[in-house]
Amino acid sequence: MRKMGNEASFEHWEKLALACGFTSVWPVDPKTLRFLPEVRAMCAEDKCRNYNKNWTCPPACISLEEAEQRAAGFHRGILLQTTETLEDSFDAEGMSAAIARHRDSFGRLLPLLRAEYPGFFPMGAGACTRCERCTYPGEPCRFPEQTAPSMEACGLFVSQVCRDNGAPYYSGPDTITFVSCILVD
Ligand code: SF4
């Protein structure tokens, strides 16, 4: 199911996103998004070691309440996926390459969409890694227009967002999928 109100616009966004390197693009209905405190709370467990260390992560990034309020102003968005095949489930190098590809694609797409939709709301995959060392908390972010909070930091349960919007999340054994979301207009 890949239908949305204005199919021409989705096709335009899909074309831009695929050209930036994503492997698939899906329409997302902002009304399906649930900004869950329990997902945001997982950041504080610091399993990814970015909690309180990066401008795009809690507690510095957009609050759950702000994310929910901001999302309420949108009617349409896109889910962006990067799916890669791994050698096996322990293929750390393959996983690193996949997230790097996803972040590169996201970085290419942001300025293109911003030029057309300056008020858009991007939510990425994981902490920003643009700088070798994040300036947080001592100095302002070096590239605020090129960063975004992660979907999880905004309280979104990624597999649920995919499911609620008819997008796959699991592509089979020895694959990995990274997901970002941009609310466009
Ligand atoms: S662009 Fe640099 S300073 Fe800004 S959040 Fe990313 S890593 Fe930190």
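Read-outs throughout are calculated quantities, based only on the coordinates presented, and are distinct from any laboratory measurement. Predicted model only: the values in this text are computed from it and were never measured. Here Cβ is always computed from backbone atoms with ideal geometry, including for glycine, and neighbour counts include all displayed protein chains.
Per-structure values
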{"read-out": "Count of the range 47-79 residues which are under 28 Å from GLY166 (Cα atoms) and either away from the ligand (no atom under 16 Å from the Cβ) or among the small types (Gly, Ala, Ser) (or both)", "value": "17"}
{"read-out": "Every pair of residues 6+ apart whose Cβ atoms lie under 9 Å, when the first sits in the range 139-155 and is loosely packed, with under 12 Cβ neighbours inside 10 Å while the second is outside any loop (DSSP other than H, G, I, E, B)", "value": "GLU145/LEU110; GLU145/PRO111; GLU145/ARG114"}
{"read-out": "Single residue of the range 110-150 satisfying the filter (among the aliphatic types (A, V, I, L, M) and not in a strand (DSSP E or B)) that is nearest to the ligand (Cβ to nearest atom)", "value": "ALA127"}
{"read-out": "Given (1) more than 15 Å from the ligand (Cβ to nearest atom); (2) surrounded by fewer than 20 Cβ atoms within 10 Å (Cβ to Cβ); (3) not basic (Lys, Arg), number of the condition LEU183 does not satisfy", "value": "(2)"}
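For every residue, the table says whether it meets (1) within 17 Å of SER159 (Cβ to Cβ); (2) exposed (fewer than 13 other Cβ atoms within 10 Å of the Cβ); (3) among the small types (Gly, Ala, Ser).
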{"residue": "SER9", "(1), (2), (3)": "no, no, yes"}
{"residue": "TRP26", "(1), (2), (3)": "yes, no, no"}
{"residue": "ASP29", "(1), (2), (3)": "yes, no, no"}
{"residue": "LEU36", "(1), (2), (3)": "yes, no, no"}
{"residue": "TYR51", "(1), (2), (3)": "no, no, no"}
{"residue": "GLU65", "(1), (2), (3)": "no, yes, no"}
{"residue": "LEU86", "(1), (2), (3)": "no, no, no"}
{"residue": "GLY107", "(1), (2), (3)": "no, no, yes"}
